[in-house]
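Engineer: This is the structure I want to talk about, given as structure tokens.
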Amino acid sequence: MIVAIVRFPVPGGLSHDAAREAFLASAPSYQGLPGLHRKYYLRTEDGEGAGGVYLWESRDAAERVYDDAWRRRLAERFGAEPQVEYLDCPVIVDPDEVVAP
């Protein structure tokens, strides 16, 4: 499993309510993506940054989504290219189980 942490600035800031509305609007586009197990939307406490934490089956699956068109779309919307960090995820802890994929 791979965790991808995506971050991007939000010039002018984004309130909690505005972030929630925007994230809810985009959420359906992530449902059913091949290889995506889970996505958490993020907003910095001051609203000046946003992003997501994604749990992917593989880095290849993530990179198919984070392509040049995706990067351009976010850069045009927020004025800066998103930063993506990939991390290996060897163990997952849920409330009811520990999984080592």
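Engineer: Going by C-beta contacts inside 10 Å, put Glu97, Glu57 in order with the fewest on the left.
Structural biologist: Glu97, Glu57
Engineer: Pairs of Cα atoms under 8 Å, at least six residues apart: use those to get the relative contact order of the chain, whole percent.
Structural biologist: 40 percent
Engineer: Please work out the ratio of the alpha-carbon Rg of the chain to 2.2 N^0.38 Å and round it to two decimals.
Structural biologist: 1.12
Engineer: Rounding to the nearest 10 and keeping the result within 0 to 90°, find how far the Cα-based axis of helix 68-78 lies from the longest principal axis of the chain.
Structural biologist: Helix 68-78 sits roughly 40 degrees off the main axis of the chain.
Engineer: How far, in degrees from 0 to 90, does helix 16-26 lean away from the longest principal axis of the Cα atoms of the chain, to the nearest 10?
Structural biologist: 60 degrees
Engineer: Tell me the mean residue ellipticity at 222 nm calculated for the chain from its helices only (DSSP H runs of n ≥ 4, each -39500 (n - 2.57), averaged over every residue, nearest 500).
Structural biologist: -8500 deg cm²/dmol
Engineer: Here is a further query. What FRET efficiency would be calculated for the residue pair Ala22, Glu85, taking the C-beta separation as r and a Förster radius of 30 Å, to the nearest 0.05?
Structural biologist: 0.85
Engineer: Once label points are set 7 Å from the Cα along Cα→Cβ at both Val53 and His37, what is their separation, rounded to one decimal in nm?
Structural biologist: Placing both labels 7 Å beyond Cα along the Cβ direction yields 1.4 nm.
Since every read-out is calculated from the coordinates, none of them should be taken as a lab result. Note that this is a predicted model, so its numbers are computed, not measured. Cβ coordinates were reconstructed from backbone atoms using ideal geometry, including for glycine residues, and neighbour counts include every protein chain displayed.
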